[in-house]
1. Considering only DSSP states other than H, G, I, E and B, which chymotrypsin sites (Phe, Trp or Tyr not before Pro) in segment 99-168 qualify as loop sites with at most 12 other Cβ atoms within 10 Å?
2. Looking at N217, P337, T112, which one has the Cα that reaches farthest to the positive end of the dipole of the chain (charges on Cβ: Lys, Arg +1; Asp, Glu -1)?
3. Would you list which aspartates and glutamates come within 16 Å of K271, measuring only between C-alpha atoms, while excluding same-chain residues fewer than 8 positions from it?
4. Note down the net charge around L49, summing +1 for each Lys or Arg and -1 for each Asp or Glu among other residues with Cβ under 11 Å from its Cβ.
5. Give me the lysines in straight-line cross-link reach of K318: C-alpha distance below 23 Å, same-chain residues under 8 apart excluded.
6. How much length would be gained if the chain were fully extended between S130 and R78, taking 0.36 nm per residue of separation minus their Cα-Cα distance, in nm to one decimal?
7. Using Cα pairs closer than 8 Å and at least 6 residues apart in sequence, work out the relative contact order for segment 283-369, in percent.
8. Would you mind telling me which residue in A220, A253, A281 has the biggest mean-square fluctuation in a Gaussian network model of the chain, where springs connect alpha carbons within a distance under 10 angstrom?
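The values are calculated or read from the model by the stated rules, or taken from the named source; none is laboratory data. Quick caveat: nothing in here was measured; it's all calculated off a predicted structure. FYI the Cβ positions are ideal-geometry reconstructions off the backbone, even for glycines, and counts take in every protein chain you see. For the accessible areas, the whole protein counts, side chains as well, though only heavy atoms, and no ligand, DNA or RNA atoms are used. Shrake-Rupley method; radii C 1.70, N 1.55, O 1.52, S 1.80 Å.
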Amino acid sequence: MNRLARILVVLLGGITVASLSSAQDDASAKYAACRIHVVDDDSGWPVPLVELRTTHQVRFVSDNAGVIAIDDPSLLDREVYFHVMGHGYEIPADGFGFRGVRLTPRRGQTLTVAVHRTAIAKRIGRLTGSGLFAESHKLGDELAWNDGRLETYEAGLCEWNESTSEFQIVRTVWKASDGGPPPSLAEEGHPSFWTDAAGTRWLLFGNPLPRIQIAANYEAWKDFENWKTLTPQKTLRTVVDGVEIEPHSGSIAWNPYRQRWVSVFMQRFGKPSAFGTLWYAEADSPMGPWGTAIEILSHDNYTFYNPRLHPELTPAGKPILLFEGTYTAEFANQAVPTPYYDYNQILYRLDLDDPALQPAQSSANSFRP
């Protein structure tokens, strides 16, 4: 089982929040901390990346299990006001416009904070970096989980060897040991396969929309001379107000449930974050034209770039679309980096039968990939 699949097992299948057992409370007591569980007020699912901040700026951020461990003696056994911030999740505002909760943390106790999802996309959890379950570890949970480290040490072309069940290098264009930064490769972007009306199969690269077209065969893939450059659609019109927006990065995929091509992309110079607002759109062909786009996720003065669809992780008949992206304080307006989460990959889910997506979904047609 690959690392992404293992993380999905933990995030999607290994965590339940319908009840909090006495064993959890016992663990909290053993580790002399108060457990705060942040959950979606609609589904009860744990919500990672929700920040609780005291009035004197002590910050706590929920981990992949939606857990925060409070062990600060100055905050225990007294009522504390926590501002709640969650990038698409929030607490109702009070009469002064503040969004927060009053809690009295006690050692060995479990408290629940229910947040309301305002974004269409649902946050699943962080995929990379250390401390995926850092807060849970403080309470004695998920201790068998070992964080992995990811770094680029080589770039080039490789192929899968069926007999050895491993990738073999075809062409190396850069090695970290040789020094210098990784090159900007011609095939930069995300791949997808497409069969045109004439029955010819192609490999497309784009970020988000296709800009490189290659015959889907081994010889063409190896020969840069036969790669065809495409001119992707420059802008898409939004559903709400018809404003033209420019895609910056993202990916496309054929979706069997929708029977159309779908795209999740980041907007260049969006609001409230210049590079943190994501949109969803559909098309009959990967070449376009792409239909009106609807906002599915945004971040409060934080960047979330290069969203990558993962159609391979969802069964063909299910109305679920998974995508990840890079969460970083870079390119934001003096944003304070989020501990553990900054410059790491976070996984989200879209339910394609969500009525909120209907304005961007036209009726299916007879087109097939």
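1. Working: sites: F133, W145, Y153, W160, F167; in loops: F133, W145, Y153.
Answer in residue order: Y153.
2. The Cα lying farthest towards the positive end belongs to T112.
3. D241, E244, E246, E295, D300, E330
4. Working: positive: R123, R126; negative: E51, D63, D342.
With Lys, Arg at +1 and Asp, Glu at -1, the net is -1.
5. Answer for K318, where 23 Å is the Cα cut-off: K122, listed by chain and number.
6. Working: separation 52, 0.36 × 52 = 18.72 nm, distance 3.15 nm.
Length gained between S130 and R78: 15.6 nm.
7. Numbers: 109 pairs, mean separation 25.4, N = 87.
Contact order relative to length: 29 percent.
8. A220
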